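The numbers here are math on the coordinates, done by the rules we state, and not lab data. This one's a predicted model, so the numbers in the text were calculated from it and none came from an experiment. As a convention, Cβ positions derive from the backbone with ideal geometry for all residues, glycine included, and neighbour counts pool all protein chains shown.
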Amino acid sequence: MNAVLEQLSKFGVVPVVVLNDVKDAEPLAKALCQGGLPCAEVTFRTDAAEESIRIMTEKYPEMLVGAGTVLTTEQVDRAVAAGAKFIVSPGFDPEIVDYCIEKGITVTPGCVTPSEVAQGVKRGLKVLKFFPAEQFGGVATIKAMTAAYVGIKIMPTGGINPKNVREYLACDKIFACGGSWMVKGDMIKAGEFDKIEAMTKEAVEIVKEVRG
Ligand code: 3PG
């Protein structure tokens, strides 16, 4: 496992962020860092994503910032040029995965079936995203699926929250959990960065409680 993945695994929780306005990037990064979770998956669902990654990584160089919802190789290039250290895609797109592997970029593609996991295994990937986790059977599906693929670790996202995250973190097949619960769009829009910091601290405490 490379250094980026090792660091994500240590965090245990990866905040999945949708930023509509680049002005929120800096205060959000500050809240995450002060909350003890200097990392983020900034999703390419908005026009603000690329510049937000740039701002976060420039102002907070200690942060590990990746790009999520990456749907094209062109977005891979833009994300990496802006400072993204890892690429996340919701599904398994062979073109994106192969492009990242070729360029030595850390990539965690979404896989929810054994056939998709097999595609990742074939390419030597060790960490795969499982999205949307709750809708596809959560921890039970992850355990059943990875039983056949020894050595594969899963990063579930989708429907994870403070109530169910312990169950995910307790599963040894789970590498880290992605989630937006501590960085919800309404909190960002309302400028509730203190609340984001407090919820981030809570997430860090949960990781400590479950993983020690
Ligand atoms: C993702 O892209 O990983 C998800 O949208 C995050 O899911 P959540 O909003 O349910 O945490």
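Values computed for the structure shown
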read-out	value
Region 118-168 shape via C-alpha gyration tensor axes, a/c threshold 1.5	prolate
Note, ³J(HN,Hα) from phi for region 37-49, Karplus 6.51, -1.76, 1.60, rounded to Hz, x at Gly and Pro	10, x, 7, 7, 9, 8, 7, 7, 9, 10, 5, 7, 4
16 Å cut-off, amide nitrogen to a point 7 angstrom out along Glu134 Cα→Cβ, residues in region 14-37	16
Distance histogram for region 3-204 (every C-alpha pair counted, 5 angstrom bins, percent rounded to whole numbers)	1, 8, 18, 21, 21, 16, 10, 4, 1, 0
Label-point separation in nm, Lys143 to Ser115, each point 7 Å along Cα→Cβ	2.7
Rough spin-label spacing in nm, given labels placed 7 Å along Cα→Cβ, for Asp194 and Glu58	3.0
Range of Cα positions in region 1-83 per principal axis (Å), largest first	30, 29, 18
GNM result for the chain, Cα springs below 10 Å: residue of Lys30, Lys163, Lys173 fluctuating most strongly	Lys163
Potential lengthening between Val22 and Ile101 on full extension [0.36 nm per residue; Cα-Cα distance subtracted]	25.5 nm
Net dipole in debye of region 98-176 [+1 Lys, Arg Cβ; -1 Asp, Glu Cβ; about Cα centre; nearest 20]	140
Listed residues Gly151, Gly83, Gly36, most fluctuating in the chain (Gaussian network, C-alpha, under 10 Å)	Gly151
Ranked packing of 14-20, 182-188, most packed first, by mean Cβ within 10 Å	14-20, 182-188
